[in-house]
Amino acid sequence: ASDVYKRQGYSAPECDKQFDNCLKSKGNGVSLKTFFYLAKDAGIDIAPPRTEKQDQRTFKSEKLNGSQSEYHQPENQEPEEMPTLPDSLFPELPEFLQKVVAVATSNEERDILLLGSLGAISACLPKVSGIYDGKRVFPNLFLFITAQASAGKGRLVHCRQLVNPIHKELREQAKLHKQHYELEMAEYNSKKGKEEGVEKPAKPPEKMLFIPANNSSTGAYQLLGDSDGRGLIFETEGDTLAHAFKSDYGNYSDGFRKAFHHETISYYRRTDREFVDIESPCLSTVLSGTPKQVSALIPNAENGLFSRFIFYFMNVRPVWKNVFASQTDNGLDDYFEALGNEFYELYKVIMQDEPCQFHLTADQQEQFNQFFGQIQEKYMNLQGLDYMATIRRLGLIAYRISMIFSALRIMETGDTSKKLICEERDFQASLSMVKVLVKHSSKVFGELPQEELKPSRMNKKEKFLYALPNSFNRQKYLEVAKAMNIPAKTAEGYIANFVKSRLLHREAHDQYINTSLEETQDSKEVKDN
């Protein structure tokens, strides 16, 4: 084919003959794919223009096939755009969170301010809990904002200011304990050797909210234990925690996984030569970094730590931002400091009152189970068990987000009763967030490296689904199955499962619509809404 195109005299019959041979190719010699490649290599692009849906479908196939890291974006083609949280969500948020996101200058900035605030606040509601799957759970969240350098994730740092007054209070307590300890030590030293039965005073706890990530696992756990098992790791540079993980990965990862479910963390304190148990730890984590830094913390898609995180993949906007525009009088630092003082007042009220228990209504519980049941069934059919843990823990994450929303409503209602009932708007807001976040997790999941010798992420069942056209009948899907060497009976079983999981829609007798292809349009639909 290449020789034909390089000749001075072009022969249409000879080219048509070669093209026909390519169509009849059974895998030997020059195939149609090779023919198009050689033609393009010779400077002639004979491929028909692709539609937008075809481009999206090819990208989805590459992503589900686990080859995302090897996927090279064609020149002049825009990168895949991730959906942002819907505009309709934000007017329904608690008033405090509406103030937090009011200073955002883009949809992505608005999203990370909301998610970062939820992550930080989740560490500061120690007397709010609920019963989920028979276990008592607290609001703590793990969040990772990932984006390329200079994408705008730096705004996340302001969310730290929302809870900084609580950190200051704990540090003041630690300072007073230390002063008291020094007085006791002075008294002990004066009596030592002179009086019998004098006990050496115990070192006071180092109470704090912000636990430094640049720490060994034992050091981090000791600080967590000193603060009654509660703390927040807040790092805007993913490398900081990544370096700590590299030096002490097994212990760090194990502790994180346990803390997410409030399971006891045990560690060995070398100075006192004793084992220490932190019962019911309540750790929250807010991190940001580049996609490469994600893999430093979570080395592969099968790692159990992945499913415990909320992931948000920021879109990069290649436009210059007006760095002098401001929606605040004295800058963002003063603005968020004032909001931090507002939240501190709620924190003091909650800490003074009896613990309160969060509840979903009976109708909300039914909706919750139905919502996540459908998502689980969908991803079970497409991605199998690898992604199942993420779906199930997103259920717990949605429950915790609803709990935080409900606690923040106390600032509006003043109701501090022991029973905290979720408002319908807060429940629906958490579900609408999950609809978007599940797609972000799926993208990060697809880009994580797979362990060697693992089968490709996209199995034959998935390939069959994405090979089906937008609309088709039994004859057509059997033709597709035959081309893929899938037995007719197996194909019929696949179709039945796809219909049951709502990946296909049976429009009429022997008429199917491939609704799975509509998922690739979600990013555009969310933005349009």
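The values are calculated or read from the model by the stated rules, or taken from the named source; none is laboratory data. Quick caveat, the model's predicted, so the values are computed rather than measured. Glycine gets a Cβ as well: all are built from the backbone with ideal geometry, and neighbour counts include every protein chain shown. Calculation scope for accessible area: heavy atoms of the full protein, side chains included, ligands and nucleic acids excluded. Shrake-Rupley method; radii C 1.70, N 1.55, O 1.52, S 1.80 Å.
The requirement of being over 29 Å from Phe358 (Cα atoms) and out of contact with any Ser or Thr (no Cβ under 9 Å at 6 or more places or on another chain) is not satisfied by Asn164. Looking at (1) modelled with pLDDT of 90 or more; (2) crowded, with 16+ Cβ neighbours inside 10 Å, find the lone condition where Lys135 falls short. Evaluating Lys135 over (1) modelled with pLDDT of 90 or more; (2) crowded, with 16+ Cβ neighbours inside 10 Å leaves (2) as the failure. Of the residues screened, Glu377 is one that is open to solvent by 50 Å² or more (accessible area, probe 1.4 Å), farther than 19 Å from Leu141 by Cα and in contact with a Ser or Thr (Cβ under 6 Å, 6 or more places away or on another chain). Of the strands (runs of 3 or more DSSP E) entirely within the range 208-291, those holding at least 2 residues that are modelled with pLDDT of 85 or more, open to solvent by 10 Å² or more (accessible area, probe 1.4 Å) and out of contact with any His (no Cβ under 8 Å at 6 or more places or on another chain) occupy 230-235, 274-278. Checking the stated criteria, Ala174 turns out not to satisfy the condition of being surrounded by 13 or more Cβ atoms within 10 Å (Cβ to Cβ), within 24 Å of the chain's Cα centre (by Cα) and not β-branched (Val, Ile, Thr).
Only a single item in (1) within 28 Å of Tyr267 (Cα to Cα); (2) at pLDDT 90 or above; (3) touching a strand residue (DSSP E or B) at 6+ places or on another chain (Cβ under 9 Å) is not met by Pro205, and it is number (3).
Please determine whether any residue of the range 188-195 is in contact with a Ser or Thr (Cβ under 9 Å, 6 or more places away or on another chain), touching a residue at least 12 places away in the same chain (Cβ under 8 Å) and either of a type in the set (Asp, Glu) or open to solvent by less than 80 Å² (accessible area, probe 1.4 Å) (or both). Looking through the range 188-195, none of the residues is in contact with a Ser or Thr (Cβ under 9 Å, 6 or more places away or on another chain), touching a residue at least 12 places away in the same chain (Cβ under 8 Å) and either of a type in the set (Asp, Glu) or open to solvent by less than 80 Å² (accessible area, probe 1.4 Å) (or both). Taking the range 196-207 as the range and being within 23 Å of Gln222 (Cα to Cα) and surrounded by 12 or more Cβ atoms within 10 Å (Cβ to Cβ) as the test, the residues that pass are Pro201, Lys203, Pro204, Pro205, Glu206, Lys207. Of all residues in the range 481-520, those that are open to solvent by 20 Å² or more (accessible area, probe 1.4 Å) and part of a helix (DSSP H, G or I) total 16.
Among the helices (runs of 4 or more DSSP H) confined to the range 348-437, the ones with at least 2 residues that are closer than 24 Å to His261 by Cα and either without any contact (Cβ under 8 Å) to a residue 60 or more places away in the chain or among the basic types (Lys, Arg) (or both) are located at 362-383, 388-408. Of all residues in the range 415-434, those that are charged (D, E, K, R), under 24 Å from the mean Cα position of the chain (by Cα) and buried (at least 17 other Cβ atoms within 10 Å of the Cβ) total 1. Inside the range 134-149, residues that are more than 15 Å from Phe309 (Cα to Cα) and either in contact with an Asp or Glu (Cβ under 6 Å, 6 or more places away or on another chain) or in contact (Cβ under 8 Å) with a residue 12 or more places away in the chain (or both) make up a count of 7. Tyr181 meets each of the listed conditions (1) assigned to a helix (DSSP H, G or I); (2) touching a residue at least 24 places away in the same chain (Cβ under 8 Å); (3) open to solvent by less than 70 Å² (accessible area, probe 1.4 Å) apart from (2).
Condition check ((1) open to solvent by 40 Å² or more (accessible area, probe 1.4 Å); (2) touching a Gly at 6+ places or on another chain (Cβ under 8 Å); (3) modelled with pLDDT of 90 or more; (4) of a type in the set (A, V, I, L, M)) across all residues:
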| residue | (1), (2), (3), (4) |
| --- | --- |
| Phe324 | yes, no, no, no |
| Glu342 | yes, no, yes, no |
| Asp353 | yes, no, no, no |
| Asn369 | yes, no, yes, no |
| Leu394 | no, no, yes, yes |
| Ile401 | no, no, yes, yes |
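The listed residues are Lys454, Lys500, Lys439, Lys482, and the only one of them that is at pLDDT 85 or above and under 30 Å from the mean Cα position of the chain (by Cα) turns out to be Lys439. Just one of the listed residues (Val128, Val163, Val101, Val157) is free of Cβ contacts under 8 Å to residues at least 40 places away in the same chain and buried (at least 16 other Cβ atoms within 10 Å of the Cβ), and it is Val101.
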